Amino acid sequence: MPDQQATLIKNTTVWTSEAAGKLENTDVLLEKGKITKIGKSLGLPKGARSIDGTGKHLAPGIIDEHSHLAISGGVNEGTQAVTSEVRIGDVVDNEDVGIYRDLAGGVVAAQLLHGSANPIGGQSALVKLRWGAAPEDMKIAGMGTEQVFVDAFTRAKEYEREMGAYNKLSKSQQKAAEALPGGTPRRDLELDALVEILNRQRFITCHSYVQSEINMLLGVADRMGFKVNTFTHILEGYKVADKMKAHGANASTFSDWWAYKNEVKDAIPYNAAIMTRAGLNVAINSDDAEMSRRLNQEAAKTVKYGGLTEDEALRLVTINPAKMLHLDAHMGSIKEGKDADVVLWTDNPLSIYARPEYTFVDGREMFSLTADAGLRADIQKERQRLVQAMLAAKKGGAPTQSASSKAQGQWHCDTLGEEKELAK
């Protein structure tokens, strides 16, 4: 992991994602993982480095509310309809190269979700993209059909009553109950997670597409006494935005995906803007490793489709998803005291020409264009060294491949192209 060297970014345009909006010709100081000062002509602390941000743009790091990045194995648990006990946090893959690629796109954090194979899929993981850290050190903090939901939460309520009654017994009464058949309620990890939802200790992110299923889950939630925190994808959210607002749900959607399956035939690119104007807290999500590193451009589409302002558009991938994930006290905007998760862009962050020059996570430089260019040069140098070594061995009569090894044969074929390049 890189160190947390204090960094002063000078004379740049700061997109705060706060009420202050954009601040021109402004300095931002990052110290000990936090944003400590925002102002003009700030002094350089001893031991700190300075980055000239003239003509560039500093913005909060992008937060992807719906991602399947860095998950080892499959994302679906298909063994039964309700698998609320399984946890993405147990299978975070800290070596997924997609983490680095997302950093190169200005993404600093993501919610890693289960897929939508069953009605209640399991527990998501919230991670910061701390490239090089252990899986546990990446974590910030550690959800069909109507009748499945009703049955599950009915069992959860009964389970909560049984456990509550048992826990109120004295130790001697609990010991006496243990001697009786069925006297002690069995701990159930599946129902534990659902009880946490009922008590607002855990929050629901619901894969959703069409109006009917959205209305269904809102009805179940009202009957069973829980809240849907976020409808993700929510491609027909524009039809039920008023009901979602009354319920208190957030909305995380695609910018302009449609026509790829039956459930999205009524999707429109104005969805995010309509829901925003209806008063919902709205985010743009990726659900895709390639799109994740271009979420700034996905958010920018709402300026065209719906007329959101540039500030409103950037909020769709910064402070708004932070609010959905209950992280906005710590990240999602540039404000003194918040985590130093920021990106210095070469241009307006909503522009297709903008590239992240630096991406900081907790004040650590996790990506820079200069360092990336150096790494690419090192890889090319090592590739050429290996090819030269192979050519020298070949001239000396040593075998360059094994006829019985398909993998080595493929390597040899690949290297022939290198030989031709080097010959030029």
**Prompt:** In debye, nearest 20: dipole of the stretch 142-299 around its Cα centre with unit charges on the Cβ of K, R (+) and D, E (-)?
**Reply:** 600 debye
**Spin-label model distance (nm) - E95 vs Y260, 7 Å beyond Cα toward Cβ** = 2.9 nm
**Item:** For the stretch 337-384 versus the stretch 206-227, the gap between their alpha-carbon centres in whole angstrom
**Value:** 41 Å
**Prompt:** Using the Kirkwood formula over every pair of different C-alpha atoms, what hydrodynamic radius in Å results for the stretch 9-98?
**Reply:** 16.8 Å
**Request:** Could you run the Karplus curve 6.51 cos²θ - 1.76 cosθ + 1.60 with θ = phi - 60° over the stretch 256-271 and give me ³J(HN,Hα) per residue in whole Hz, x for Gly and Pro?
**Result:** 7, 7, 6, 6, 9, 6, 4, 5, 10, 5, 9, 5, 9, x, 8, 4
**Prompt:** Given H placed on each backbone N at 1.01 Å, which residues far from T253 in sequence or on other chains put an amide H within less than 5 Å of it?
**Reply:** H233, A283, I284, N285
**Request:** Counting only heavy atoms of the protein chains, get the accessible area per residue of the stretch 152-223 (1.4 Å probe) and round it to a whole Å² value.
**Result:** 59 Å²
**Message:** Give me the dipole magnitude in Debye, nearest 20, for the stretch 1-140 about the Cα centre, with unit charges on the beta carbon: positive for Lys and Arg, negative for Asp and Glu.
**Reply:** 800 debye
**Asked** Just by accessible area at a 1.4 angstrom probe, what is the order of T12, T154 from largest to smallest?
**Response** T154, T12
**Item:** Fraction in percent of alpha-carbon pairs per bin - 10 Å, the stretch 180-325
**Value:** 12, 39, 30, 12, 4, 3, 0
**Message:** Need one number: % antiparallel among DSSP beta bridges in the chain, to the nearest 5.
**Reply:** 55 percent
**Prompt:** For the stretch 1-109, which whole percent of the accessible surface, found with a 1.4 angstrom probe, sits on carbon and sulfur atoms?
**Reply:** 47 percent
**Request:** Would you work out which of T16, A134, G98 lies farthest towards the positive end of the dipole of the chain? Charges go on Cβ: Lys and Arg +1, Asp and Glu -1.
**Result:** T16
**Request:** Just the ratio, please: alpha-carbon radius of gyration of the stretch 72-122 over 2.2 N^0.38 Å, N its number of residues.
**Result:** 1.32
**Message:** With both bridge residues required to lie in the stretch 1-136, what share of the DSSP beta bridges run antiparallel, to the nearest 5%?
**Reply:** 55 percent
**Message:** Please give the charge dipole size of the stretch 150-207, origin at the Cα centre, charges +1 on K and R Cβ atoms and -1 on D and E Cβ atoms. Round to the nearest 20 debye.
**Reply:** 240 debye
**Prompt:** K168: which aspartates and glutamates have alpha carbons under 15 Å from its alpha carbon, excluding same-chain residues fewer than 8 sequence positions away?
**Reply:** E160, E178
**Item:** Distance histogram for the stretch 301-347 (every C-alpha pair counted, 10 angstrom bins, percent rounded to whole numbers)
**Value:** 26, 46, 26, 2
**Message:** Quick check: at a probe of 1.4 Å, how many percent of the accessible area of the stretch 283-331 sits on carbon and sulfur atoms?
**Reply:** 46 percent
**Asked** Put +1 on the Cβ of each Lys and Arg and -1 on the Cβ of each Asp and Glu in the chain; which of G121, N296, N262 then has its Cα farthest toward the positive end of the dipole?
**Response** N296
**Request:** Quick one: what are the phi-derived ³J(HN,Hα) couplings along the stretch 58-74, Karplus 6.51/-1.76/1.60 with θ = phi - 60°, whole Hz, x for glycine and proline?
**Result:** 9, 9, x, x, 6, 10, 8, 6, 9, 9, 10, 5, 6, 10, 7, x, x
**Message:** As a test question: what accessible area, to the nearest 10 Å², does D242 have when a 1.4 Å probe is rolled over all protein chains in place?
**Reply:** 110 Å²
**Request:** Amide H neighbours of L308 under 5 Å, at least 5 residues apart or on other chains, H built in the peptide plane: list them.
**Result:** V303
**Message:** If each DSSP helix of 4+ residues adds -39,500 (n - 2.57) and the sum is divided by the residues in the chain, what number results at 222 nm, nearest 500 deg cm²/dmol?
**Reply:** -10500 deg cm²/dmol
**Which listed pairs, of K243/K265; K34/K128; K243/K304; K37/K335, have C-alpha distances above 18 Å, in listed order** = K243/K265; K243/K304
**Asked** Taking a probe of 1.4 Å, how large is the accessible area per residue of the stretch 253-389, in Å²?
**Response** 44 Å²
**Message:** Past 20 Å, Cα to Cα: identify those pairs from K22/K56; K139/K323; K157/K227; K139/K245; K46/K139, in the order given.
**Reply:** K139/K245; K46/K139
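The values are calculated or read from the model by the stated rules, or taken from the named source; none is laboratory data. Because the structure is predicted, anything quoted here is derived from the model rather than measured. So basically every Cβ, Gly included, is an ideal-geometry build from the backbone, and we count neighbours across all protein chains shown. We work out accessible area using only protein heavy atoms, side chains counted, and drop any ligands, DNA or RNA first. Shrake-Rupley method; radii C 1.70, N 1.55, O 1.52, S 1.80 Å.
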